[in-house]
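The structure appears right after this line, and notes come after that.
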Amino acid sequence: MEYAWPWELSRSGVLNMNRRNISYIGRYNQRKFYKRVDDKLITKQLALANGIAVPDLIGVVHQQHKIQEIPAMVLDRSGFVIKPAKGSGGKGIMVITRVSNGCYYKSNGHEVTHSEIYRHVSNILSGLFSLGGKPDVAIVEGLIEFDPVFEGLSYEGVPDIRLIVFKGFPVMGMLRLSTSASDGKANLHQGAVGVGLDIATGNSLHAVQFDLPVDKHPDTHFPLSDITVPHWETLLHTASSAYEMCELGYLGTDMVLDKNKGPLLLELNARPGLTIQIANGRGMLPRLKHVEAMKSSAMSVEERVAYAKKHFCSNPIF
């Protein structure tokens, strides 16, 4: 493995953590707006108020004695998801893909007992998965119906699309694919595959797992070189419109494709990670500087998306 000096990475346009925290998160993200993205329930409510599609909200569990109401909540559901409102990094998310005769099953076929669900939700309420360990609430959501266009691209989990948005402009994107190493979760640090995407087209550019280049999915062996993400225009518009919704200048948007409902916003992140640069095989800093250097003029979502597609694609036009 080859290593580079920090100044070499900076010269190549790679945004490092210190610069991200000070020059972008610290400068463009006002602390008073953090709750809009750190609390997934608030994010969902804001999205619905702004006409942005999100997974169905089945119910919310606020107190320990309400946990026993979950079986009634999901009675007519073929599957569901339980997640902490203030969790991070995919921690505390339980995905039930099949309900049969009152029994619950994960995607790997393992049964999850009622007592296991009660214990998991109890842990969520106690703050086991929340930022800072503070008491939390449990969100029960409808299961996302896997879009067949991604068949063979992911192991067990649903692929998601991460877009970095700066001052309303989508500047970099990637497709995250779960693997057996990541335990079916789209988390790059746990071993998911990251596929860099061309902002203009949604076509794949470069793929990595554990920060190393890969040509095929390690489990399904699906080639990663010629992927095109459908509904790309809608995904870009959804990401761009999140800027007005949460009023954070630098953020990450996580979205999925449902086979019946199309693009859905999963969550927003005020501190998006930097591995998206590795997945794209290029640094993000030049694009951020480009936006900062623009003359301040109000642009619509449509105008920002068109500008990003022209200037931040694999072959930008300047």
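Would you mind computing Rg(Cα) / (2.2 N^0.38 Å) for segment 56-142, counting N as its residues? Spell out each step's value before the answer.
Values: Rg = 12.1 Å, N = 87, 2.2 N^0.38 = 12.0 Å.
My calculation over the Cα atoms of segment 56-142 gives 1.01.
Here are labelled values, (i) 0.99; (ii) 0.95; (iii) 1.27, and one is the computed Cα Rg over 2.2 N^0.38 Å for what I pasted. Which one?
Calculated Cα Rg over 2.2 N^0.38 Å: the matching label is (i).
Take the residue pairs Lys32/Lys167; Lys40/Lys289; Lys106/Lys185; Lys83/Lys106; Lys86/Lys167; Lys83/Lys134 and return only those whose Cα atoms are more than 19 Å apart. It would help to have the intermediate numbers written out before the result.
Details: Lys32/Lys167 17 Å; Lys40/Lys289 30 Å; Lys106/Lys185 13 Å; Lys83/Lys106 14 Å; Lys86/Lys167 24 Å; Lys83/Lys134 15 Å.
Over 19 Å Cα-Cα: Lys40/Lys289; Lys86/Lys167.
Using a 1.4 angstrom probe on heavy atoms only, work out the carbon and sulfur share of the accessible area of the chain in %. Display every interim value, and only then the final one.
Numbers: 7840 of 15180 Å².
That share works out to 52 percent.
When you count, for each residue, the other Cβ atoms within 10 Å and take the mean per peptide, how do 101-109, 114-122, 172-180, 202-210 rank with the highest first?
Working: 101-109: 12.4, 114-122: 15.1, 172-180: 25.0, 202-210: 19.9.
Top of the packing list down: 172-180, 202-210, 114-122, 101-109.
Where only protein heavy atoms count, and the probe is 1.4 Å, what is the accessible area per residue for segment 184-289 in Å²? Mind showing how you got there, number by number?
On the way: 3950 Å² over 106 residues.
Dividing the accessible area of segment 184-289 by its residue count gives 37 Å².
Per residue, how much accessible area does segment 18-170 have with a 1.4 Å probe, in Å²? List each step's numbers first, then the result.
On the way: 7440 Å² over 153 residues.
Each residue of segment 18-170 exposes 49 Å² on average to a 1.4 Å probe.
Summing -39500 (n - 2.57) over the DSSP H runs of n ≥ 4 in the chain and dividing by its residue number, what mean residue ellipticity at 222 nm do you reach, to the nearest 500 deg cm²/dmol? Write down the numbers at each step before the final one.
Details: 9 runs with 77 residues, N = 318.
So the calculated ellipticity at 222 nm is -6500 deg cm²/dmol.
Using the Cα atoms as the points, what is the convex hull volume per residue of segment 200-285 in Å³? Could you put the intermediate results ahead of the total?
Values: hull volume 10.7 nm³, N = 86.
For segment 200-285, the hull spanned by Cα atoms encloses 124 Å³ per residue.
The values are calculated or read from the model by the stated rules, or taken from the named source; none is laboratory data. These numbers come from a predicted model, not from an experiment. Quick reminder, even Gly has a Cβ in these numbers, built from the backbone with ideal geometry, and neighbours come from all protein chains shown. Surface areas here come from the heavy atoms of the whole protein model, side chains and all, with no ligands, DNA or RNA. Shrake-Rupley method; radii C 1.70, N 1.55, O 1.52, S 1.80 Å.
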